Amino acid sequence: MRKPGYLGELEQMVLLAVLQLNDQAYGTSVLRELEQRVQRAVSRGALFVTLDRLEEKGMLTSRLGDPTPRRGGRPKRYLIVTPAGVAALRRSRTAWLKLWDGLDSVFE
């Protein structure tokens, strides 16, 4: 089995936003969450490419909600972080904390 790689910055942010949104995570809500929490504007195209890549890596899955007239009869694609996604975030967090360790004086 291949050793899991590190997540990119946007991949981490997207997975964390999906976790924050819990059962209300879908494309537009993730974009809003990123803008509100970290003041990061992400294009819809970049977000959906990232979502597809995370799904291919097995770190994210999705389910379709019910179609609504407001959406022209189309369903929302709700996003769910998989256990593999949580594990990848845990590895990334551990790596970042190790790199930050001992640097408090630099940022005071």
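Read the figures in this text as sums done on the coordinates, not as results from a lab. Here the structure is a predicted model, which is why all the values come from computation and not from measurement. Methodologically, a virtual Cβ is constructed for each residue, glycine included, from the backbone with ideal geometry; neighbour enumeration extends over all protein chains shown.
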Computed, not fitted: 222 nm per-residue ellipticity of the chain from DSSP H runs ≥ 4 (each -39500 (n - 2.57)), nearest 500, equal to -16500 deg cm²/dmol
Per Stokes-Einstein, at 10 °C and 1.306 mPa s, what whole-number D in µm² s⁻¹ belongs to the chain, with the Kirkwood radius over Cα pairs as the hydrodynamic radius?
-> 105
Rank by packing, highest mean first: peptides 96-104, 55-63, with packing defined as the count of other Cβ atoms within 10 Å averaged across residues.
-> 55-63, 96-104
